[in-house]
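Below is one structure; the comments refer to it alone.
The values are calculated or read from the model by the stated rules, or taken from the named source; none is laboratory data. All figures in this text were calculated on a predicted structure; none of them were measured in a lab. So basically every Cβ, Gly included, is an ideal-geometry build from the backbone, and we count neighbours across all protein chains shown. Ligands, DNA and RNA are excluded from the accessible area calculation, which covers all protein heavy atoms including side chains. Shrake-Rupley method; radii C 1.70, N 1.55, O 1.52, S 1.80 Å.
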Amino acid sequence: MRRPRAFCYRPAMRALLALLLFLSTTAWAGPSLAVADFANATPDAALDATGTGVAAVLVSKLSKLEALTLVERQRLADVVKELDLSRSDLIDPATAQKAGQLVGADYLVVGSLVSARLPTMAITLRVIDVPTGRVVLSEEVTGAIGEDGGQFFVLLDELAHRTIAALELRVGAQERIALSAVDVEQLDTIALYGQALQAMDRGARDDARASLTRALSLEPGFVLAEAALRDLQQEMADRRSAWTSRSLTSARKKLDALFGQVEQDLASPAATPASLARQAVGARLLRLRGDEAAYVDAERRRVERTHQALRAPQDGPSDLSNGFRDETRRLVATLESKPLQALFRRLELQPVDVLDQVGHILLRQGRLDEAVAARFEGYRQPGRLTRRLPTSDLERWHALDAAL
């Protein structure tokens, strides 16, 4: 007689545990909640940004509850903008329902600042069931916040607890402690934080940074403002880095294109004004690329060709100088960038001035004797002379060499 097979309970237990885990993460998951910026229904325009700050702090408080999933403020702000709604429009349950559906929220919190006669302040609070459009809470919450608004946190706590009660959420002991934690107290700080959020919505990052800095000067421990300022500074740094990278890439392309225009003239024996101008631009580009040896060679060749042009009977020095100046300006203008164009200031034609610049490059390379010789060479050639004699350069450069 065959013995009955024993029941293998381990696979069954594993399947049961998997089912329980699935149910715990789906069927028992808490509702999702979106909080809209509170409208300003008071006659005081200075409170326009306060409602934005109130909503943001309320979201921060409610995020301490594990039973809730909070919709990001920016998602709701984008939907409100897309629907071309104002904050007061969301008081209408049908409009609020549509906005809530678009962000996938189960509930939507809306409200208005209705009275601000210090030491008290009143705020209306509505909680809307998004799937049904039913208003599950509609109350006016009034709190004593002090003559200067320094106890505004009392009203914020009341708003949070009323919302939790409307949603019938169970709050654990640790969550109650987290909810009661206070890192911002004052009405002015909330208003500044709201101004910063609105400025970021507009893309005015400098204004946002200024408002956050002022908020933190009032209450240095304001965690939300600290995090927002840190994120904003990082974003601005990333933007500057990206802009710098794009600018450098663009600058390199423009300089490379310019070098392509003048590269052949560097080796050309031509001594026309246009050719000499292109040689001057090409030499400066070699210097900008860090190839100072090639720069010195190119400038020495240009000096020789300039002497050749100055000795030519058909063109006078003024014609050569004017043609040189006009052509260099035309070439540099193709860069279409003032910072790049500034790199080509003082493109000289006269050999004495060119050799003066060459002398400084040679001096920087530690080639003192060659630097002094270049300066004297310039004075031996025809062309415009400066008042300073080369002997003064000799004394100055020897002193610099000794100091180095």
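Would you point out which residue out of Asp106, Asp37 is acidic (Asp, Glu), touching a strand residue (DSSP E or B) at 6+ places or on another chain (Cβ under 8 Å), surrounded by 17 or more Cβ atoms within 10 Å (Cβ to Cβ) and modelled with pLDDT of 90 or more? Result: Asp106 is the single residue among Asp106, Asp37 that is acidic (Asp, Glu), touching a strand residue (DSSP E or B) at 6+ places or on another chain (Cβ under 8 Å), surrounded by 17 or more Cβ atoms within 10 Å (Cβ to Cβ) and modelled with pLDDT of 90 or more.
Looking at the stretch 139-155, which of its residues are crowded, with 19+ Cβ neighbours inside 10 Å and in contact with a Gly (Cβ under 6 Å, 6 or more places away or on another chain)? Of everything in the stretch 139-155, just one residue is crowded, with 19+ Cβ neighbours inside 10 Å and in contact with a Gly (Cβ under 6 Å, 6 or more places away or on another chain), namely Leu155.
Condition check ((1) farther than 25 Å from Glu140 by Cβ; (2) among the hydrophobic types (A, V, I, L, M, F, W, C); (3) open to solvent by 50 Å² or more (accessible area, probe 1.4 Å); (4) not in a helix (DSSP H, G or I)) across all residues:
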site: Asp157; (1), (2), (3), (4): no, no, no, no
site: Arg162; (1), (2), (3), (4): no, no, yes, no
site: Val184; (1), (2), (3), (4): no, yes, no, yes
site: Ala196; (1), (2), (3), (4): yes, yes, no, no
site: Leu212; (1), (2), (3), (4): yes, yes, no, no
site: Leu216; (1), (2), (3), (4): yes, yes, no, no
site: Ala227; (1), (2), (3), (4): yes, yes, no, no
site: Gln233; (1), (2), (3), (4): yes, no, yes, no
site: Met236; (1), (2), (3), (4): yes, yes, no, no
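Looking only at the stretch 80-100, count every residue that is basic (Lys, Arg) and either more than 13 Å from Phe38 (Cα to Cα) or out of contact with any Asp or Glu (no Cβ under 6 Å at 6 or more places or on another chain) (or both) and tell me the total.
First, the residues of the stretch 80-100 that are basic (Lys, Arg): 81, 87, 98.
Keeping just the survivors that are either more than 13 Å from Phe38 (Cα to Cα) or out of contact with any Asp or Glu (no Cβ under 6 Å at 6 or more places or on another chain) (or both) gives 81, 98.
Count: 2.
Of all residues in the stretch 337-348, those that are free of Cβ contacts under 8 Å to residues at least 60 places away in the same chain have Cβ atoms under 7 Å from Cβ atoms of residues that are in a loop (DSSP other than H, G, I, E, B) and surrounded by 15 or more Cβ atoms within 10 Å (Cβ to Cβ), 6 or more apart or on another chain, in Gln341/Leu335.
Quick check on the stretch 274-291: of everything there that is charged (D, E, K, R) and in contact with a Leu (Cβ under 8 Å, 6 or more places away or on another chain), which residue is most open to solvent (accessible area, probe 1.4 Å)? Lay out the reasoning, then the answer.
Start the filter on the stretch 274-291 by keeping residues that are charged (D, E, K, R), which leaves 278, 284, 287, 289, 291.
The next check asks that each one be in contact with a Leu (Cβ under 8 Å, 6 or more places away or on another chain); those that pass are 278, 284.
Values: Arg278: 49, Arg284: 23 Å².
It comes out as Arg278.
The condition of being assigned to a helix (DSSP H, G or I) and either open to solvent by less than 80 Å² (accessible area, probe 1.4 Å) or at pLDDT below 90 (or both) does not hold for Leu335. Of all residues in the stretch 344-362, exactly one satisfies the criterion of being more than 16 Å from Arg305 (Cα to Cα), over 42 Å from the mean Cα position of the chain (by Cα) and open to solvent by 20 Å² or more (accessible area, probe 1.4 Å), namely Asp356.
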